[in-house]
1. Once you have a ≥ b ≥ c as the square roots of the Cα gyration tensor eigenvalues for the range 226-292, tell me rounded if a/c is under 1.5, and otherwise prolate or oblate according to whether a/b is larger than b/c.
2. Under 5 Å between amide hydrogens, which residues at least 5 positions from N34 or on another chain qualify, with H placed 1.01 Å from N in the peptide plane?
3. In sequence order, what are the phi-derived ³J(HN,Hα) couplings for the range 89-101 according to the Karplus relation 6.51 cos²θ - 1.76 cosθ + 1.60 with θ = phi - 60°, rounded to whole Hz, with x for glycine and proline?
4. Whole-Hz Karplus ³J(HN,Hα) for the range 246-256, in order, using 6.51 cos²θ - 1.76 cosθ + 1.60 and θ = phi - 60°, x for Gly and Pro?
5. Classify the range 1-90: rounded, prolate or oblate, from the alpha-carbon gyration tensor (a ≥ b ≥ c, eigenvalue square roots; a/c under 1.5 rounded; otherwise prolate if a/b is larger than b/c)?
6. Non-local amide H neighbours of G66 (under 5 Å, H modeled in plane, Pro and chain starts lacking H): which ones?
7. Hey, what do the phi angles of the range 226-233 turn into as Karplus ³J(HN,Hα) couplings, whole Hz, using 6.51/-1.76/1.60 and θ = phi - 60°, x for Gly and Pro?
8. At 7 Å along the Cα-to-beta-carbon direction for both W45 and L85, put a label point, then send me their distance in nm to one decimal.
Amino acid sequence: MRRAWAILAVPGMAWLAAFFLVAFYAVVAVGLGNITDVYDPVPHWNPLDWNIGYLLQALEDVLPGGRTWPVFVRTLAYVVVAVVLSLAIGYPVAYYVSRYATGRSKAALLILLVAPFWISYLMRMFAWTNLLAEGGYAADVLNTLSLDSLFSAVGLLDGEDWLGGQHIAVIMGLVYGYVPYLILPLYASLDRIDQRLIEAARDLGASSAGAFRRVVLPLSRAGTLGGIVLIALPMFGDYYTPDLMSGSPRTAMLGNTINNYVQGGPDKALGAAMTLLLSAFLLVFMLYYLRELRRESAA
């Protein structure tokens, strides 16, 4: 049986090798390669020929004082705020569906949770640009509720144009686009918690809040971390959400910088090197998640 499953896994492993490992090695070859006199990249496929000059330049750029340092800080701030807001929205939804919804209502809610995956991410962002444009429904509601004044007071909104290079518009786009990817892992984690554990905590004198804090939160920690990793990693490399929701350099993220290097500028090797640095930075989060998952499995 083990050999049969190994044989069945071969096509999937070949697919991953062809469309991830080979493609990623091409990025490594470009980032550790060189350029011609007209700035065309010259990949170095042989590791013995690798050139770390562009990697060091990319590292210098993202360190304090470098030209990409403000973009890196802005990206980190956007991702942290968007993840916190996504948790504030997604955790109550996942908890309600997993613990209180039953029968047809639960099935209907699960369909609604999956529904965003049926629509292209770009189409959903285009819908938001129409809603937040001048005279759009969302912009009118936010202005009616005086949220524009609140966001202006905390420095997230400058003026009345929600799509004119506004930090809050990019954050709202990130939350709206990625929160479904957070809710589903949270729901799966919360739905697996044995209700008898919560009832036992209540029988031992814990309040509803105490049972939630001492039982539900620890048991859903792995699912919460998994959901955070699932949305935070693509957020760091996102460039189309800032482009669609703002299009201004003052809201550009690290993904925009890499895209400008690779697509529109002569520094393709530097863009590839910065991609490698971003991958290494995100690998730290992934390793932390895997370590916590292994510790929980051992416990």
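The values are calculated or read from the model by the stated rules, or taken from the named source; none is laboratory data. Keep in mind that this is a model prediction, so the values were computed, not measured. Don't worry about glycine lacking a Cβ; one is built from the backbone with ideal geometry, like all the others, and counts go over all protein chains shown. When the accessible area is computed, the model is the full protein with side chains, heavy atoms only, and any ligands, DNA or RNA have been set aside. Shrake-Rupley method; radii C 1.70, N 1.55, O 1.52, S 1.80 Å.
1. Oblate, since a/c reaches 1.5 and b/c is not below a/b.
2. Long-range HN contacts for N34: V42, H44.
3. 8, x, 5, x, 5, 4, 5, 5, 5, 7, 9, 10, 6
4. Taking θ as phi minus 60°, the curve returns 9, x, 10, x, 6, 10, 5, 10, 4, x, 5 Hz for the range 246-256.
5. It is oblate, given that a/c is not under 1.5 and a/b is not larger than b/c.
6. So G66 has HN proximity to no qualifying residue.
7. x, x, 5, 4, 5, 9, 6, 4
8. 4.6
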